[in-house]
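Notes to accompany the following structure.
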């Protein structure tokens, strides 16, 4: 009985997590810098699940960095608060050209449920040119990944909300 359980555990742990990602059509990987600009942090948890999960990001040429000056794309989660707006702006300005902007989750897109708060400036859609908006509250790691893949694809697929 215990051998069957151990075999099932190893099979589930070692099995591929999902379909293979398309490789980045570039000499270098697509590098993301993540900023959580406020909110409940649920979207940040989903981004971390994507980063740390078995999605094969590095093999597909998708990596995350802790330094905005090394990033190609700024990935923003959370509604933009008055305190975090300068941080988001500084990260954006530190990034080299060409660069892009991803808004992940309802709060990052339009402010979500926090849009009317006195300390909130709202979402990015009214403040910046967003290259990819990934809806959801929070979006799943799969939905975030689909948004990233859409950036790389000449024919983007619709992003499924959770």
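The values are calculated or read from the model by the stated rules, or taken from the named source; none is laboratory data. The shown structure was predicted, so the numbers you read here are calculated from the model rather than taken from an experiment. Every residue, glycine among them, receives a Cβ derived from its backbone with ideal geometry; neighbour counts consider all protein chains shown.
Right, residue 139: closer than 21 Å to residue 66 by Cβ, assigned to a loop (DSSP other than H, G, I, E, B) and either modelled with pLDDT of 95 or more or touching a helix residue (DSSP H, G or I) at 6+ places or on another chain (Cβ under 9 Å) (or both) or not?
No, not satisfied.
Given the conditions (1) surrounded by 15 or more Cβ atoms within 10 Å (Cβ to Cβ); (2) modelled with pLDDT under 95; (3) under 21 Å from residue 151 (Cα atoms), and given that residue 98 satisfies all but one, which numbered condition is not satisfied?
(1)
Answer yes if at least one residue in the range 29-42 is under 28 Å from residue 124 (Cβ atoms), surrounded by 14 or more Cβ atoms within 10 Å (Cβ to Cβ) and modelled with pLDDT under 75, and no otherwise.
No, the range 29-42 contains no residue that is under 28 Å from residue 124 (Cβ atoms), surrounded by 14 or more Cβ atoms within 10 Å (Cβ to Cβ) and modelled with pLDDT under 75.
So which of 25, 63 ends up being modelled with pLDDT under 95 and either surrounded by 13 or more Cβ atoms within 10 Å (Cβ to Cβ) or part of a helix (DSSP H, G or I) (or both)?
The unique qualifying residue is 63.
Name the residue, out of 125, 116, that is free of Cβ contacts under 8 Å to residues at least 12 places away in the same chain and either in a strand (DSSP E or B) or within 20 Å of residue 42 (Cα to Cα) (or both).
Numbers: 125 fails: free of Cβ contacts under 8 Å to residues at least 12 places away in the same chain.
The match here is 116.
Out of 49, 67, I need the residue that is under 12 Å from the mean Cα position of the chain (by Cα) and over 16 Å from residue 37 (Cβ atoms). Which one? Reasoning before the result, please.
Details: 67 fails: under 12 Å from the mean Cα position of the chain (by Cα).
It is 49.
Go through the range 47-56 residue by residue and tally those that are free of Cβ contacts under 8 Å to residues at least 60 places away in the same chain and either in contact with a strand residue (DSSP E or B) (Cβ under 9 Å, 6 or more places away or on another chain) or assigned to a loop (DSSP other than H, G, I, E, B) (or both).
4
Those residues that are within 17 Å of residue 132 (Cβ to Cβ) and not in a loop (DSSP other than H, G, I, E, B), I need them from the range 92-107; list them, please.
92, 100, 101, 102, 103, 104, 106, 107
Exactly one of (1) crowded, with 19+ Cβ neighbours inside 10 Å; (2) out of contact with any helix residue (DSSP H, G or I) (no Cβ under 8 Å at 6 or more places or on another chain); (3) assigned to a strand (DSSP E or B) is unmet by residue 74. Its number?
Of everything listed in (1) crowded, with 19+ Cβ neighbours inside 10 Å; (2) out of contact with any helix residue (DSSP H, G or I) (no Cβ under 8 Å at 6 or more places or on another chain); (3) assigned to a strand (DSSP E or B), residue 74 misses just condition (2).
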